[in-house]
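Colleague: For reference, the structure I am asking about is given below.
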Amino acid sequence: FASRQVSRHAGESLRLQAQALVAQREPVVMVNDLRLCNAFCAQAWAAQVKTPVLVIAGDEDPAYGTSRAGELQSLYPNARVEILARCGHNGVLEQPSAFAAAVDGFVSSLLRD
């Protein structure tokens, strides 16, 4: 599970950080988190969301990558997608500057509107 948190481009230090973060989680919490994530479905109500939504995905995330980001974007009428290059599931860990820039750009666009 930890190996999917970062892309194949991540160095050994980053892989170890990802492993440490996963190891810190209580197993029962992780199992429940994964069950909830796998069962999540917004199709019934997402079209009613009027608030802008930012979807951030890593281009090398095997579980929730670009295809899932596109699915989420199609559900929400005001969704914007940012794809982080050379990134696995944990963009905050692997691409912190790109992740922050995506959030900053999204918030800045909201403030301009």
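Colleague: Once you sort the root eigenvalues of the Cα gyration tensor of the chain as a ≥ b ≥ c, which label holds: rounded (a/c under 1.5), prolate (a/b larger than b/c) or oblate (the other case)?
Modeller: oblate
Colleague: Then there's this: Roughly speaking, to the nearest percent, how much of region 1-109's 1.4 Å accessible area is carbon and sulfur?
Modeller: Summing carbon and sulfur atoms, their accessible area is 55 percent of the total for region 1-109.
Colleague: Going 7 Å from the Cα of Arg8 in the Cα-to-Cβ direction, what parts of region 73-113 have a backbone nitrogen less than 19 Å from that spot?
Modeller: 84-91, 94-95
Colleague: With +1 on each Lys and Arg Cβ and -1 on each Asp and Glu Cβ, and nothing else charged, work out how big the dipole of region 1-101 is about its Cα centre, in Debye to the nearest 20.
Modeller: Rounded to the nearest 20 debye, it is 120 debye.
Colleague: Considering only protein heavy atoms, what per residue accessible area in square angstrom results for the chain with a 1.4 angstrom probe?
Modeller: Value for the chain: 64 Å² per residue.
Colleague: Across the Cα atoms of region 7-60, what radius of gyration and what greatest pairwise Cα-Cα distance (Dmax) are found, in Å?
Modeller: 15.8, 43
Colleague: Another question, if that's okay. Given a Förster distance of 30 Å, report the FRET efficiency between Ser74 and Phe1 from their Cβ-Cβ distance, rounded to the nearest 0.05.
Modeller: 0.60
Colleague: Report the net charge of residues surrounding Ser67, where surrounding means a beta-carbon distance below 13 angstrom and charges are Lys +1, Arg +1, Asp -1, Glu -1.
Modeller: Surrounding charge for Ser67 is -3.
Colleague: Quick one: among Leu84, Leu36, Leu21, which has the greatest mean-square fluctuation in a GNM of the chain with alpha-carbon springs under 10 angstrom?
Modeller: Leu36
Colleague: Also, I was wondering about something else. Among Gln24, Ala69, Gln5, which residue has its Cα positioned farthest towards the positive end of the charge dipole of the chain, with +1 placed on the Cβ of Lys and Arg, -1 on the Cβ of Asp and Glu, and the dipole taken about the Cα centre?
Modeller: Towards the positive end, the residue furthest out is Ala69.
Colleague: Let me ask something else. Write out the trypsin sites (Lys or Arg not before Pro) in region 46-113 meeting two conditions: DSSP loop, and at most 13 other Cβ atoms within 10 Å of their Cβ.
Modeller: Lys50
Colleague: Can you give the local net charge around Arg8? Use residues other than it whose beta-carbon is closer than 14 angstrom to its beta-carbon, Lys and Arg +1, Asp and Glu -1.
Modeller: That works out to -2.
Colleague: Rounded to the nearest 0.05, what FRET efficiency do Gln24 and Ala63 have when you use their Cβ-Cβ distance and R0 = 22 Å?
Modeller: With R0 = 22 Å, the Cβ-Cβ based efficiency is 0.65.
The values are calculated or read from the model by the stated rules, or taken from the named source; none is laboratory data. Keep in mind the model is a prediction, meaning the values are calculated, not measured. Ideal geometry is used to build each Cβ from the backbone, glycine not excepted, and the neighbour counts take in all protein chains shown. To get the accessible areas, we keep the full protein, side chains included, count just its heavy atoms, and leave off ligands, DNA and RNA. Shrake-Rupley method; radii C 1.70, N 1.55, O 1.52, S 1.80 Å.
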